[in-house]
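> Below is one structure. I have some questions about it.
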Amino acid sequence: MPSSVTAAESQAPEHWLSYAQLVSNQFQTWLSDSGDESVVRLHAFMQERMLQEGTSAPPAALVVRVWIASSGKVERLEFASLGSAQADADLRSLLTSRPLSESPPPDMRQPLILQLDLTFVTAV
């Protein structure tokens, strides 16, 4: 599940971009944890949605706005609905239930705006 930083890279300080990439990578790891029940449900929802839409193409990227406390805990998260209250709750839980490995730089503007590509590998 690749993700990217959508900040205007030429205008943001390098340490902000590095931190945003760290957050993006951690989110990717959390969203790929097949041992987590929420991840399994979210993957199943996305696969079902692709089947219902009759497409093998992944859904459009999801933009998330993230506010992070000085402790590294995600305090607030905003994103467009995935179309299912359960999928929205699972995504929110996955991205807010544990602290990030590092605190944000003290001078970093928030929210971080990240683009998550919700591409899920289906079993053959």
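The values are calculated or read from the model by the stated rules, or taken from the named source; none is laboratory data. Predicted, not measured: the structure shown is a model, and the values here were computed from it. Cβ: placed from backbone, ideal geometry, glycine included. Neighbour counts: every protein chain shown.
> Could you look through the range 73-123, keep only residues that are hydroxyl-bearing (Ser, Thr, Tyr) and either within 13 Å of the chain's Cα centre (by Cα) or surrounded by fewer than 15 Cβ atoms within 10 Å (Cβ to Cβ) (or both), and pick out the one that is farthest from Glu53 (Cα to Cα)?
So the first thing to find is which residues in the range 73-123 are hydroxyl-bearing (Ser, Thr, Tyr), and the list is 81, 84, 93, 96-97, 101, 103, 119, 122.
From what's left, either within 13 Å of the chain's Cα centre (by Cα) or surrounded by fewer than 15 Cβ atoms within 10 Å (Cβ to Cβ) (or both): 81, 93, 96-97, 101, 119, 122.
Numbers: Ser81: 17, Ser93: 26, Thr96: 29, Ser97: 31, Ser101: 37, Thr119: 15, Thr122: 15 Å.
For the range 73-123, the residue satisfying everything is Ser101.
> Still on this structure, I have one more. Looking at the range 65-91, which of the residues that are of a type in the set (A, V, I, L, M) and part of a helix (DSSP H, G or I) is modelled with the lowest pLDDT?
Ranking the candidates gives Ala87 first.
> Restricting to the range 1-34, name every residue that is modelled with pLDDT of 80 or more, under 11 Å from the mean Cα position of the chain (by Cα) and assigned to a loop (DSSP other than H, G, I, E, B).
Ser32
> For residues in the range 92-103 being touching a helix residue (DSSP H, G or I) at 6+ places or on another chain (Cβ under 9 Å) and not in a loop (DSSP other than H, G, I, E, B), which is nearest to Val74 (Cα to Cα)?
Residue satisfying both the conditions and the ranking: Leu95.
> Just to be sure I understand, how many residues within the range 35-62 are assigned to a loop (DSSP other than H, G, I, E, B) and modelled with pLDDT under 85?
Here the count works out to 8.
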